[in-house]
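The values are calculated or read from the model by the stated rules, or taken from the named source; none is laboratory data. No experiment lies behind these values; they were computed from the predicted model shown. Note that each Cβ is placed from the backbone with ideal geometry, even for glycine, and that neighbours are counted across all protein chains shown.
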């Protein structure tokens, strides 16, 4: 599904190298987790994959189902099936959440040459999915993320993911700012989307999200590289011993 | 008052081109206005109040021509049940207009209301005259002196059907001067809609007296004929517990100067004036607002948003004057521009002048580009860059558009802006 080879990235405006040769293969139907200390490059990886400006790829490649992601505009990556659940979802005054969702769904459909969803059909689908995430009618009506609590913003990200039905979902520290109940709700939303044809890359600091979203593979990232890869037990090792041991071991 | 010779000449040159209509009761007010106009002279570039907007074409004896735009859009407010009054290049069009009758109000035309005992006799030009201090507004005095027509609306009850003034522009050399008077009795309610480019050059005054507990809503759009020019004034006086809300959308137009002069004279009154404009290329839009608080516990809001590209220019001059004794005043003023490129310009002069000690007044003015983080967020959801830019532009204008009370009209205004953005994609 997602194939990253020797990806090297620096900041566009400074000579600061952030990713120093990332290699990663995520297969369809699998959940991969990336853990790592602050500043290891986890969020940068998610931004570079989804096409945020301000980064320069100096080497390597990233492909989604064989298509070169790095050559595409952000909206084309989304239409190709890539989705990033933001760590800090952006507030957009004056644009209704529902309008935003429908515009996004139809923009992607249009881009793929599919028919647009009718207003009535859209409403039906969005209401059902919102209900599962305990997103009420008021939240759908309000401007995008305006006045939403941290948990509401994250649930809204998952609602967008559910509506857009991407193939490759990247969750960037979706657990940050969530209490236990909200984390459970978000995790349930993600688990409901797990399927044969869909893959997940879950970026997190902590193991606790992985109690709810069970990963198939866990990677440890440090200083712009993936330094260790293992099964779910690797996350537990981090939880119990911190990163220091692992980093010392691979150094 | 001694005027420089050039200014005198310009004023007299314009006066020479105009003819004062003979409408009986308004004679005295018109003569008075002409006297005031001669005393103050037409605006010129040296005037502080015209520092950011060149008045040349507004005071030229003959209006510069303006091509008529071939407009295939659905007429604005088409689905709204309203009383239509149509002016074509400033001339009343009886065939296109509805009967000027309605529940809770009387409507007459300035040009044909001839009775000497008319209620408007003591009203016509009164708020305009009040609005000439402390800042002179010569184009409004010129209007009072020479207006050829307009509507005189006396509102006695709660009017549910909006009065819709439709201004069509068919002649590329038309020069229209209209003057409307709206007198609202205590507790009455009225919505006035205005739309259309009106003329090659349009000078319009609207005087609105909102008596105690009365409610006045005003939604206006200034049409998209690229070369048209307009100088408009609203003069409003608010009684106790009254509400005044005015919103204007301006798209295109080579030059627009909208002045709004509001005086809150009764306690607990509320005045909101808002404007959204979108300009591309040769476009100069000036909002000049003067709100005077002269009563206790009144609220006023000025919300002005401008989207500018390809060298378009936006101007905002807004003032809140809080007189001594106008305690518990709540005044708010925001003027913002969204500059879609580096060629466009926004000039703002926000002013507060406060003589009471127990008031809350805030003002802010900003210029900025599209928020890159928000743009990326939308694009990451598959929305194209162009469409995302449009959404964020609507988002930027939202605070102004939200001043429109009716949701139906808000939606219509938003779809107009969206259509404009579609046509003006870079």
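Figures for the structure shown
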{"read-out": "Residue list for the stretch A:238-248, restricted to those being under 14 Å from residue A:221 (Cα atoms), free of Cβ contacts under 8 Å to residues at least 12 places away in the same chain and part of a helix (DSSP H, G or I)", "value": "A:244, A:245, A:248"}
{"read-out": "Residues of the stretch B:35-64 satisfying the condition of being surrounded by fewer than 13 Cβ atoms within 10 Å (Cβ to Cβ) and either in contact with a helix residue (DSSP H, G or I) (Cβ under 8 Å, 6 or more places away or on another chain) or touching a residue at least 60 places away in the same chain (Cβ under 8 Å) (or both)", "value": "B:45, B:62"}
{"read-out": "Filtered residues of the stretch A:53-63 (kept if modelled with pLDDT of 95 or more and either outside any strand (DSSP E or B) or under 24 Å from residue A:109 (Cβ atoms) (or both))", "value": "A:63"}
{"read-out": "Top-ranked residue of the stretch B:81-110 - restricted to ones that are surrounded by fewer than 16 Cβ atoms within 10 Å (Cβ to Cβ) and in contact (Cβ under 8 Å) with a residue 60 or more places away in the chain, ranked as nearest to residue B:210 (Cα to Cα)", "value": "B:81"}
{"read-out": "Residue check for residue A:217: surrounded by fewer than 20 Cβ atoms within 10 Å (Cβ to Cβ), in contact with a strand residue (DSSP E or B) (Cβ under 7 Å, 6 or more places away or on another chain) and at pLDDT 90 or above", "value": "yes"}
{"read-out": "Output for the stretch A:39-60, where each listed residue is away from chain B (no Cβ under 14 Å) and touching a helix residue (DSSP H, G or I) at 6+ places or on another chain (Cβ under 7 Å)", "value": "A:57"}
{"read-out": "Selection status of residue A:146, within 21 Å of residue A:100 (Cβ to Cβ), out of contact with any strand residue (DSSP E or B) (no Cβ under 8 Å at 6 or more places or on another chain) and either surrounded by fewer than 22 Cβ atoms within 10 Å (Cβ to Cβ) or within 14 Å of chain B (Cβ to nearest Cβ) (or both)", "value": "no"}
{"read-out": "Leading residue by the ranking (surrounded by the most Cβ atoms within 10 Å (Cβ to Cβ)) among those in the stretch A:154-189 that are away from chain B (no Cβ under 13 Å) and on the phi > 0 side of the Ramachandran plot", "value": "A:173"}
{"read-out": "Per-region count, the stretch A:216-226, residues part of a strand (DSSP E or B) and within 15 Å of residue A:32 (Cβ to Cβ)", "value": "6"}
{"read-out": "Out of B:236, B:295, sole residue that is touching a strand residue (DSSP E or B) at 6+ places or on another chain (Cβ under 8 Å), buried (at least 20 other Cβ atoms within 10 Å of the Cβ) and outside any strand (DSSP E or B)", "value": "B:295"}
{"read-out": "Scope the stretch A:111-124; condition more than 9 Å from every other protein chain (Cβ to nearest Cβ) and either under 18 Å from residue B:377 (Cβ atoms) or loosely packed, with under 15 Cβ neighbours inside 10 Å (or both); matching residues", "value": "A:112, A:113, A:114, A:115, A:116, A:118, A:119, A:120, A:121, A:123, A:124"}
{"read-out": "Top-ranked residue of the stretch A:73-102 - restricted to ones that are within 7 Å of chain B (Cβ to nearest Cβ) and part of a strand (DSSP E or B), ranked as farthest from residue B:390 (Cα to Cα)", "value": "A:84"}
{"read-out": "In the stretch A:1-15, the residues that are in contact with a strand residue (DSSP E or B) (Cβ under 6 Å, 6 or more places away or on another chain) and surrounded by fewer than 15 Cβ atoms within 10 Å (Cβ to Cβ)", "value": "A:5, A:6, A:12"}
{"read-out": "Residue that is under 22 Å from residue A:112 (Cα atoms) and touching a residue at least 24 places away in the same chain (Cβ under 8 Å), where the choices are A:27, A:65, A:71", "value": "A:65"}
{"read-out": "Test for residue A:49: is it within 15 Å of the chain's Cα centre (by Cα), in a strand (DSSP E or B), closer than 19 Å to residue B:381 by Cα and in contact (Cβ under 8 Å) with a residue 60 or more places away in the chain", "value": "no"}
{"read-out": "Residue within the stretch B:379-390 that is in contact with a strand residue (DSSP E or B) (Cβ under 6 Å, 6 or more places away or on another chain) and within 14 Å of another protein chain (Cβ to nearest Cβ) present", "value": "yes"}
{"read-out": "Some residue of the stretch A:199-212 being assigned to a loop (DSSP other than H, G, I, E, B), closer than 25 Å to residue A:5 by Cβ and at pLDDT 90 or above", "value": "no"}
{"read-out": "Count of the stretch B:417-426 residues which are away from chain A (no Cβ under 13 Å) and assigned to a helix (DSSP H, G or I)", "value": "5"}
{"read-out": "Tabulated pairs, the stretch A:172-193, first without any contact (Cβ under 8 Å) to a residue 12 or more places away in the chain, second surrounded by 15 or more Cβ atoms within 10 Å (Cβ to Cβ) and outside any loop (DSSP other than H, G, I, E, B), C-beta under 6 angstrom, 6+ apart or interchain", "value": "none"}
{"read-out": "Residue match in the stretch B:350-370 (condition: over 30 Å from residue B:54 (Cβ atoms) and within 14 Å of chain A (Cβ to nearest Cβ))", "value": "no"}
{"read-out": "Top-ranked residue of the stretch B:391-416 - restricted to ones that are in contact with a helix residue (DSSP H, G or I) (Cβ under 7 Å, 6 or more places away or on another chain) and away from chain A (no Cβ under 11 Å), ranked as nearest to residue A:163 (Cα to Cα)", "value": "B:413"}
{"read-out": "Checking residue B:403 against (1) over 23 Å from the mean Cα position of the chain (by Cα); (2) in contact (Cβ under 8 Å) with a residue 40 or more places away in the chain, the condition it does not meet", "value": "(1)"}
{"read-out": "Subset of the stretch A:82-128 (residues that are under 13 Å from residue A:160 (Cα atoms) and in contact (Cβ under 8 Å) with a residue 60 or more places away in the chain)", "value": "A:82, A:83, A:84, A:85, A:86, A:89, A:101, A:104"}
{"read-out": "Every residue from the stretch B:367-412 that is closer than 23 Å to residue B:217 by Cβ and part of a helix (DSSP H, G or I)", "value": "B:394, B:397, B:398, B:399, B:400, B:401, B:407, B:408, B:409, B:410, B:411, B:412"}
{"read-out": "Any pair with Cβ under 7 angstrom, 6 or more apart, that starts in the stretch A:6-24 at a residue that is more than 30 Å from residue A:216 (Cα to Cα) and ends at one that is outside any strand (DSSP E or B) and at pLDDT below 95", "value": "A:11/A:54; A:12/A:54"}
{"read-out": "Sole exception among (1) farther than 16 Å from residue B:273 by Cα; (2) in contact with a helix residue (DSSP H, G or I) (Cβ under 9 Å, 6 or more places away or on another chain); (3) free of Cβ contacts under 8 Å to residues at least 40 places away in the same chain; (4) not in a loop (DSSP other than H, G, I, E, B) for residue B:348, by number", "value": "(2)"}
